[in-house]
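The structure under discussion appears below in the form of structure tokens.
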Amino acid sequence: MAMAARKGRTTASPHTSITTTAWPGSLDGWLSWIPLPKWALITVAVAGAILLLLFLICIVKCCCRKKKPKKKERIGLCAVSNSTTTSLVQPEMEDLEQGVEQKRRGKLQYSLEYNFRKQELKVGVKQAVELKAMDSGGTSDPYVIVYITSDVKKRYETKVYRKTLNPIFNESFTFQIPQAEVSESTLVMQIYDFNRFAKHDIIGEVRLPLASVDLQHVIEQWSDLAAASKVEEEHLGEICFSLRYVPSTGKLTVLILEAKQLKRMDSDGLSDPFVKVHLILNRKKWKKKKTSVKKNTLSPYFNEMFVFEVPFSQIQNVDVVISVWDHDKVTKNEPIGKLFLGCRATGNQLRHWSDMLSNPRRPLAQWHILQPPEVVDKALGLKSHLKLPLHSR
């Protein structure tokens, strides 16, 4: 047994491999527990290092990209002190939107001819193209209002053209304007979208300072429509009423419905409005009726109906004058605004009258913009304030 023990303790030869147990806390100890060959472990380690390096590079690039715009922005703001230059470098979104809106309004063709001997300016409204669609169906019902800023109370209207974005007007209007006032005046041509039961929306306008025009020659040109100017004449208000005519009985029915946005006539900022309805026959006052007074309001509701007997033989010679007044117990009643309808009318008033005659027995309601009383009186050209020897039944 001693011999066996001695043999067991025999020292191995130098060529014999000796297996030793590694210290548990060392790297080799941890690696010995992973069931993979060493070359595989090295490959995984290298791949992980490469991925980590790429991840760090991406983070650095992202940080640099975020910082560069801030640096450029700081430089731009410090270097640019002029507001005009700034707007050229980076225009406001509002300006861009206005530019797009401007292109969508369309163009207007017109002509100008000034007669120096008669001191008259003849304005020809030719046609419009590519107008902005204002109705839900993708069309508009355009018409043109023409006036001169030196006399805003005198204005003309073209006919209304239904459902078109390229109307052909071919209408001309004459303004009396002294040569001395030409250079200080501006010609305004506004295109509106007609709406029977609501306010008419403006599509665009052309404002032409006459001082910039050579009136020695006849001018015919196109201009882009611009957004409507905020500087406008005093707004007198609007009124809605319906007309109905029955030829067989000769009954003309005028239903005064309501008014809105009337001019303030009283010191408290309100008015006491009522409406007068006059019938003019052959330029002489004939019949009249009036509504009740509505106290302290700028948007009165009347819903009052008046029936006049007008023979069919006289309907072409009759003008219906609608006027809104402010009632005053102490002083005289003051007119707020007027308008008239008939075969001598123009624009929306003529359209309403024509529609009534074309649709007998059918009531037709429409909103109208009130005009200055003196303008309407001048257009009517009344001969006398005496009534004709005709009596309403």
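Ordered by solvent-accessible area of protein heavy atoms (1.4 Å probe), largest first, the residues Glu374, Glu205 come out as Glu374, Glu205. Note on surface exposure: Ser136, Ser183 rank Ser136, Ser183 by accessible area, highest first, 1.4 Å probe.
Treating r as the C-beta distance of Leu357 and Ala211 and R0 as 56 Å, the FRET efficiency rounds to 0.80. Summed over the residues of the stretch 107-224 and divided among them, the accessible surface reaches 49 Å² per residue at a probe radius of 1.4 Å. Charged neighbours of Leu257, selected by a Cβ distance under 12 Å, balance to -2 (K, R count +1; D, E count -1). Too long at a 31 Å Cα-Cα cut-off: which of Lys285/Lys329; Lys132/Lys295; Lys122/Lys251; Lys122/Lys287; Lys126/Lys285; Lys122/Lys276? The pairs that break the limit, which is 31 Å between Cα atoms, are Lys132/Lys295; Lys122/Lys251; Lys122/Lys287; Lys126/Lys285; Lys122/Lys276.
Calculate what fraction, in whole %, of the accessible area of the stretch 107-224 sits on carbon and sulfur atoms when a 1.4 Å probe is rolled over the protein chains. Kindly include the intermediate steps, with their values, before the conclusion.
Working: 2620 of 5830 Å².
Ligands and nucleic acids excluded, carbon and sulfur give 45 percent.
Using 0.36 nm per residue and subtracting the Cα-Cα separation, the extra length available between Ala40 and Ala227 on full extension is 59.7 nm. Remark: the Tyr301-Leu270 segment gains 9.7 nm on full extension, using 0.36 nm per residue and subtracting the alpha carbon distance. Among Trp353, Trp39, Trp325, the order of accessible area from largest down is Trp39, Trp325, Trp353, computed with a 1.4 Å probe on protein heavy atoms. Projecting label points 7 angstrom from Cα along Cα→Cβ for Gln176 and Ile219 puts them 2.4 nm apart.
For Ser183 and His235, the difference between the fully extended length at 0.36 nm per residue and the C-alpha to C-alpha distance is 16.1 nm.
The values are calculated or read from the model by the stated rules, or taken from the named source; none is laboratory data. Remember, predicted model here, so these are calculated numbers, not experimental data. Glycine gets a Cβ as well: all are built from the backbone with ideal geometry, and neighbour counts include every protein chain shown. Surface areas here come from the heavy atoms of the whole protein model, side chains and all, with no ligands, DNA or RNA. Shrake-Rupley method; radii C 1.70, N 1.55, O 1.52, S 1.80 Å.
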